[in-house]
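The values are calculated or read from the model by the stated rules, or taken from the named source; none is laboratory data. None of these values were measured; they are calculated from a predicted model. All Cβ positions, glycine included, derive from the backbone under ideal geometry; neighbour counts span all protein chains shown.
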Amino acid sequence: MFAVIDLGQPDGFRVDEHGNIFTSSQDSVQVYAPDGTKLGKILIPETSTNVTFGGKERDRLFITAGHSLYAIGLNTRGVQL
């Protein structure tokens with residue numbers, strides 16, 4: 001088992017340049033280190049359904065939710081192949 005997503009419903013996830021995983025959940029986007037350690041949460045007022053990195057430097061996290069689209073600037077960049 002890699003990680004337990006509290007307030008579950010994980011669906012979409014993406015990886016940043018350090019191997020950290022950003023995954024959707026019922027109350028937030030949860031962030032995990034490559035070893036499965038929870039680094040934190042980005043709280044969202046709705047259930048998040050998917051995430052992706054974007055912007056010119058891929059340092060903006062776009063978050064889809066029930067009826068909204070959120071975006072937050074980060075101090076890391078997403079890995080896009």
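Restricting attention to region 17-72, and to residues there that are under 18 Å from residue 2 (Cα atoms) and of a type in the set (D, E, K, R), which single residue is nearest to the chain's Cα centre (by Cα)?
Initially, region 17-72 is screened for residues under 18 Å from residue 2 (Cα atoms), giving 18-25, 29-41.
So of that shortlist, the ones also of a type in the set (D, E, K, R) come out as 35, 38, 41.
On the way: 35: 16, 38: 12, 41: 8 Å.
Of everything passing the filter in region 17-72, 41 is nearest to the chain's Cα centre (by Cα).
Select, from 15, 31, the only residue that is free of Cβ contacts under 8 Å to residues at least 12 places away in the same chain and β-branched (Val, Ile, Thr). Being free of Cβ contacts under 8 Å to residues at least 12 places away in the same chain and β-branched (Val, Ile, Thr) holds for just one of 15, 31, which is 31.
Restricting region 34-70 to residues that are of a type in the set (A, V, I, L, M) and touching a residue at least 12 places away in the same chain (Cβ under 8 Å) leaves a set whose member that is surrounded by the fewest Cβ atoms within 10 Å (Cβ to Cβ) is 43. Of all residues in region 53-76, those that are closer than 14 Å to residue 20 by Cα, touching a Gly at 6+ places or on another chain (Cβ under 9 Å) and in a loop (DSSP other than H, G, I, E, B) total 1.
Would you check which residues across region 29-50 are touching a Leu at 6+ places or on another chain (Cβ under 8 Å) and aliphatic (A, V, I, L, M) and list them? Spell out how you get there, then give the answer.
Step one: filter region 29-50 for residues touching a Leu at 6+ places or on another chain (Cβ under 8 Å), giving 29, 31-33, 42.
Hits for region 29-50 are 29, 31, 33, 42.
The residues of region 1-33 that are in contact with a strand residue (DSSP E or B) (Cβ under 8 Å, 6 or more places away or on another chain), modelled with pLDDT of 85 or more, within 18 Å of residue 79 (Cβ to Cβ) and in a loop (DSSP other than H, G, I, E, B), listed by number, are 17, 20, 33.
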